[in-house]
Amino acid sequence: MARQRITRKELLKEPDQFLTQSALAFEWVKNHVREIVYGVIGLLVLIGFITAWTSWQRSRRQHAAVMLHEALKLIEAPAPQANQTAPVPDPDSGKAIEKLREITESYGGTPASARAHWHLGHLYFEKGDAQAALVAYQQARDRFPRQQQLSVTLAALNVGYAQEATGACEQAIDSYESVQQSSFAWLHGEAYLGMGRCYEASGAKDKAIDVYSRALADGKLTGEMQQAINEQLVRLQPPVTSPQVQTPIAETGPVEPSTSDPNADATPTPGANTESESAPAK
């Protein structure tokens, strides 16, 4: 069957597809004007809210950073100048703790808040409150961003110190191991020493020796740290020395006084009197 051919006249009679779609879209907009207006208003409100929230967070971070700087100035004693005659003021740790706690309570979630927890741990530890230091160090470790691996590792090391000070040696060993497994080789020595101390405190002398031996086999430790660890190992495991061979002493009899010595029998026996002493005086 032959295909029917469409003439130009018939083609022009068909509706234009573009015009048809445009007309339909216009008709839809006309019927949904209220929904479109509400949608635009909602979008503008959302954009405004996000902008305001971002600006508020930026201002909040900046304010927290300024407060952290002021708090640290209270605990950092200024270096005396060459021509300074007045005494240098002592660090005010009490006021510093108050400011740092205000940062942690009012500006949580900011980078300064994590730093404030960390410095609070230092101050508590210096005051001898290991339990409060432990809580602060744990807060800092958990709040540091994961991409700040050095800060996270340093906080984990501090957590280990505080756990060791509170007697929680098993938990401290876990913290020290996380530091030892990090990519910061210059912290491995402290981690080895911490693990060794904890094993010693728990009575596991053999495990402490094993840790110190592994540390000495670690080629990334500095010479000073290797020396410190070697001293601990020698203290627990003194070097074995070969027994010394003693030369036998020849046995001899009692030495008799020589008869040729005029003074050999000069000392009288106690209680014995000579003839001249016993003779009566004439």
query: Once you put a point 7 Å from the Cα of residue 66 and another 7 Å from the Cα of residue 101, both along the Cβ direction, what distance in nm separates them?
result: 2.4
field: Burial order of peptide ranges 213-226, 26-39, 112-125 (average beta-carbon count within 10 Å, highest first)
entry: 112-125, 213-226, 26-39
- prompt: Under a plain spin-label model, where a point goes 7 Å from the Cα along Cα-to-Cβ, how far apart in nm are residue 135 and residue 216?
  reply: 4.3
query: Using alpha carbon centroids, what distance separates the range 46-74 and the range 157-211, in Å?
result: 38
task: Mind jotting down a quarter of the surface of the convex hull over the alpha carbons of the range 140-244, in square nanometres, one decimal?
output: 7.6
- request: Determine the alpha carbon to alpha carbon distance for each of 95/127; 127/207; 127/220 and list only those over 23 Å.
  value: 127/207; 127/220
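The numbers here are math on the coordinates, done by the rules we state, and not lab data. Because the structure is a prediction, the values reported are computed rather than measured. Neighbour counts run over all protein chains shown; Cβ positions are idealised from the backbone, glycine included.
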